[in-house]
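The values are calculated or read from the model by the stated rules, or taken from the named source; none is laboratory data. As the structure is a prediction and not an experimental result, all values here were calculated from the model. No Cβ is skipped: glycine too gets one built from the backbone with ideal geometry, and neighbour counts run over all protein chains shown. What goes into the accessible areas is simple: the full protein's heavy atoms, side chains included, and nothing from ligands, DNA or RNA. Shrake-Rupley method; radii C 1.70, N 1.55, O 1.52, S 1.80 Å.
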Amino acid sequence: MIEFEGIPSGKLRKHIISANKKLGLISSLFGVIVASAIIIYLTIKFNQPIILLGGFVWLALFVVLMALQPFKKDVPKLFATKLTIFEDGKMIAVGYDQSYHNSVEFVKKVLDVGDGYVFEFMFKARNPYFHCQKSQITKGTIEQFEELFKDKIVRLDSNS
């Protein structure tokens, strides 16, 4: 059994927050495209340029709000506080308000972000709570961890 316990800090924390910001902006893009089409349609239908101006001001505010995510009060909710990998391949991550289950067999790759690891799963098994910080290992060793995922570990350089 390999176990990590604690809230991430350093590069791992920055990586997780940055990934959540990107996800928020990308997911808001769909809403912006649909809303833009509706605004343009209403502007043409009613021949009122003010609809175009007002609609795009609201869309700009929406994008700015999404770019500010996650808010400071929500940051602790992004992290798992405990990650356990059992001998049978089951993985459990305990998050802010619940636990998440997954399996080693669904791990597509493990990103080494310097002071920690972030798990990327196959599409159906994706979950953002599977990450761990190297210095917070409480059971097992980093060598055991790296041996378990030897073919899946991708080391990120400082430029990415």
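Figures for the structure shown
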item	result
K21 vs. criteria in a helix (DSSP H, G or I) and closer than 30 Å to F145 by Cβ	yes
Subset tally (residues that are within 26 Å of the chain's Cα centre (by Cα), exposed (fewer than 13 other Cβ atoms within 10 Å of the Cβ) and in a helix (DSSP H, G or I)) for region 40-76	9
Residues of region 103-123 classified as under 18 Å from I92 (Cα atoms) and in a loop (DSSP other than H, G, I, E, B), total	1
Residues that are among the small types (G, A, S), crowded, with 16+ Cβ neighbours inside 10 Å and more than 30 Å from Q136 (Cα to Cα), drawn from region 1-34	S28
Enumeration of residues in region 47-93 that are without any contact (Cβ under 8 Å) to a residue 24 or more places away in the chain, closer than 16 Å to V104 by Cβ and hydrophobic (A, V, I, L, M, F, W, C)	I92
Near pairs, Cβ below 6 angstrom, 6+ apart or cross-chain, from region 97-109 (at positive phi and open to solvent by 60 Å² or more (accessible area, probe 1.4 Å)) to any residue that is at pLDDT 95 or above and not charged (D, E, K, R)	none
